[in-house]
Amino acid sequence: MERAAKVERKTKETDILVELQLDGGEIALDTGIGFFDHMLHAFAFYGGLGLTVQAKGDLQVDGHHTVEDVGIVLGEALRGAFGEKTGIRRFASAYVPMDEALLFAALDVSGRPYLVFDAPMPQERCGEYDTCLTVEFMRAFAMHAALTLHMKAFYGANAHHITEGLFKALGLALKDAKRVEGGAVTSTKGVL
Ligand SMILES: [Mn+2]
């Protein structure tokens, strides 16, 4: 059975469609924010995901609603694609060096949403993207995917590198966590 989900969400601020194939497929991204598309591409590519994101947001305000709401919808899609999470590895982590920066992500597909985020951004903008939106995206994504997610920048001077390394680390960790290793639910409680 394909581990996949399609989620649509429309509000007065954003209109978003996400299609996610957990085990790979096409990547097609159009959020109206070039740098954010670049980040989602890095996440999907290193996560071994098929991912379509079509987002029309109120960019005349700023990117906040668009980025946060893509996090919500992508999180819901991931949660849907995981389904009962039978046999998954569940825990995973990744370090990503990117030039001068070193980034880290650890996650548990736990059903218990939690975000710890420690990654100061030395610059405020990457193109049309406000770097303060990365934590907003990660929080929305972790809450709605029901992941426990910890992210850290150990050091780094360039916000493009720091942000991209975080998205790559998230992808790499997810690639590991989604792996099916057994036939039972990976929990001493018997349910996730
Ligand atoms: Mn880049």
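None of the figures in this text is laboratory data; all of them are computed from the coordinates on show. Predicted model, so just to flag it, every value in this text is computed and none were measured. Cβ atoms come from the backbone with ideal geometry, glycine included; neighbour counts cover every protein chain shown.
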| query | Build a GNM of the chain with springs between Cα atoms under 10 Å: which of LEU29, LEU172, LEU59 gets the top mean-square fluctuation? | reply | LEU59
| request: Could you list the GluC sites (Glu not before Pro) in region 80-166 that lie in coil according to DSSP, counting only those with at most 15 other Cβ atoms within 10 Å of their Cβ? | output: GLU84, GLU100, GLU124, GLU128
| note | Computed over the chain: longest principal axis from alpha-carbon atoms vs helix 159-177 long axis, angle to nearest 10 degrees, is 10
| request: Please sort 15-23, 152-160 by packing, taking for each peptide the average over its residues of neighbouring beta carbons within 10 angstrom, highest first. | output: 15-23, 152-160
| field | Angle in degrees between helix 133-145 and the longest Cα principal axis of the chain, rounded to the nearest 10 | value | 20
| field | Added length on full extension, which subtracts the Cα-Cα distance from 0.36 nm per residue, GLU13 to TYR95 | value | 26.0 nm
| Rounded to 5, the percent of DSSP beta bridges in region 1-132 classed as antiparallel | 85
| query | What is the spin-label model distance, in nm, from GLN123 to GLU2 if the labels are put 7 Å beyond Cα along the C-beta direction? | reply | 3.9
| request: Holding the Cα-Cα limit at 31 Å, pick out from LYS6/LYS189; LYS152/LYS178; LYS10/LYS178; LYS12/LYS175; LYS10/LYS168; LYS85/LYS168 the pairs that are longer than that. | output: LYS12/LYS175
| Based on the alpha carbon coordinates of the chain, what radius of gyration and maximum Cα-Cα distance (Dmax) apply, in Å? | 15.7, 49
| Separation in nanometres of the label points that stand 7 Å from Cα toward Cβ, at GLU84 and VAL135 | 3.9
| request: Please work out whether region 64-157 counts as rounded, prolate or oblate from its C-alpha gyration tensor, where a ≥ b ≥ c are the square roots of the eigenvalues and a/c under 1.5 means rounded, while otherwise a/b larger than b/c means prolate and anything else oblate? | output: oblate
| message | Using a Förster radius of 35 Å, what is the FRET efficiency between GLN60 and ALA157 based on their Cβ-Cβ separation? Nearest 0.05, please. | response | 0.65
| 222 nm [θ] for the chain, helices only, -39500 (n - 2.57) per DSSP H run of 4+, per residue, to 500? | -11500 deg cm²/dmol
| query | To the nearest 10 degrees, how steeply does helix 34-47 sit against the main Cα axis of the chain, on a 0 to 90 scale? | reply | 20
| task | Restrict the search to region 1-69; then list the trypsin sites (Lys or Arg not before Pro) that DSSP places in a loop and that have at most 14 other Cβ atoms within 10 Å of their Cβ. | result | LYS12
| note | Distance in nm between SER110 and VAL185 label points, each 7 Å along Cα→Cβ, equals 1.7
| field | Cα pair distances exceeding 17 angstrom across region 62-106, given as percent | value | 61
